[in-house]
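The structure appears below as structure tokens.
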Amino acid sequence: MKIILDAMGGDNAPEAVVKGAVAACREFGEEILLVGREAEVKACLAACGAENEPRITVVNASEVVTMEDDPATACRRKKDASMTVALTMLKNGEGDAVVSAGSTGALLTGATLIVKRIRGIRRAAMGPVLPNGGRGVLLIDCGANVECTPEYLLQFAYMGAFYAERILGCENPRVALLNVGAEDTKGGELQKETFALLKAAHEAGRINFIGNAEGSDLLTGKMDVLVTDGFSGNVMLKTVEGAAKFMFRQLKGVFYSSTKNKLAALAIKKDLSGMKAMLDPSEVGGTAMLGIAKPVIKAHGSSDDRAIYNAVRQAIACAKADVAGAIENNIEYMKLEKEN
Amino acid sequence: MYEKIVSMMCEQFDLTPEDISENTSFVEDLGIDSLDVVELVMELEDAFGMDEIPEEDLKKMRTVGDLVEYVTAHSDT
């Protein structure tokens, strides 16, 4: 298996990408293709003592997609950008998955335009996995599609369920719809129409739809997949991240407030570290772009080498589990009949 | 040319030829967004051997008729 890395993507590229790639290569034993400015990438490899690593190949790409670039224009004009080259290699079968910490918009657009969506999939979606004390919960979509139709959400539900089953190891994944209340009749037109579609899919035995869920249910472990439009999903994701940071800040304040509390903190230091690691985004890996014909993983823009290492691990898992193949094989159930 | 473009649109957007006419608007009638249009245009550039269609020209294309007219004027075939 070959994993293609956009070596120039992200705030800490290429150093962190190369370092993470080297660690992943040594740990997982898969081939790595590092795409970027050859001299810079090779210098980073040398700094890691991996210039002679036989399973790592450097592919030269002279340009870089920046955060300022318009996504569609970057894809069409910057043909020799590391991200564009990496996606083109994936399309051409020169590797099995792409990992990039570069611009989210450019990666999604590039993946759609170059690698293409699975035939019949209306929109690719972003599905990060959030910690919930168990195997994690997939939130889909979290920002790729601000405006959605019921059909998009139906497809997100199927794609999320396949991912949860094959990557998170959830048997018969529980799928819920984000809403403003648990009752069947809650929400606007989008939620009501989607609810009916998901209920029908459940009754046909294709999805384990457990009904509506509120935002506060996300991390309770009641569900494996939470389906929503990209706007609400993004607001939800950022709110959870902000709330977690706030809680840790407050907790730190309490522990530092007195000598007695400092001693108490010392006593549970190991447990606190474990909890922090569970919530650490760099341990999760990246966000899968579901609906694209081949695996594309978006690592966080501020990824360090550990985050890249975990994103490569996730890319290997996605390629081995063939999530895209499962989606493709079930595409007929995921399309709505057109109204005449 | 019109039939070719309609055929490519049907393939890409899962439509039938009956869904499309020269007056069909990409956004209002088909509900497709700018990314879809870029995707279609890249396919057309390849299929008809055209140079890259400039952004400013893309923005002016609102209907299928606009696109057909543009491709007819700029393609090799």
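The values are calculated or read from the model by the stated rules, or taken from the named source; none is laboratory data. Keep in mind that what you see is a predicted model, and the values were worked out from it rather than measured. Neighbour counts are summed over all protein chains in view; Cβ atoms, including those assigned to glycine, are modelled from backbone coordinates with ideal geometry.
Within segment A:251-301, being under 14 Å from A:Pro128 (Cα atoms) and out of contact with any helix residue (DSSP H, G or I) (no Cβ under 8 Å at 6 or more places or on another chain) holds for A:Asp280, A:Thr287. The set of residues from segment A:96-109 being crowded, with 24+ Cβ neighbours inside 10 Å, more than 14 Å from chain B (Cβ to nearest Cβ) and under 14 Å from A:Ile292 (Cβ atoms) comprises A:Ala97, A:Val98, A:Val99, A:Ser100. What about A:Ala201, is it farther than 20 Å from A:Val284 by Cβ and in contact with a helix residue (DSSP H, G or I) (Cβ under 8 Å, 6 or more places away or on another chain)? When the stated conditions are applied, A:Ala201 passes them. For segment A:206-223, the criterion of being out of contact with any His (no Cβ under 9 Å at 6 or more places or on another chain) and free of Cβ contacts under 8 Å to residues at least 24 places away in the same chain is met by at least one residue.
When the test is whether a residue is under 25 Å from B:Glu39 (Cβ atoms) and outside the structural domain of A:Glu189 (by TED's automatic domain parsing), A:Lys42 does not pass it. Annotation: A:Phe209 fulfils all but one of (1) under 25 Å from the mean Cα position of the chain (by Cα); (2) modelled with pLDDT of 95 or more; (3) part of a helix (DSSP H, G or I); (4) among the hydrophobic types (A, V, I, L, M, F, W, C); the unmet one is (3). The helices (runs of 4 or more DSSP H) located wholly in segment A:18-91 that include 2 or more residues which are within 14 Å of chain B (Cβ to nearest Cβ) occupy A:71-77, A:82-91. Of the helices (runs of 4 or more DSSP H) contained entirely in chain B, those carrying at least 1 residues that are away from every other protein chain (no Cβ under 12 Å) and touching a residue at least 60 places away in the same chain (Cβ under 8 Å) fall at B:2-13, B:64-74.
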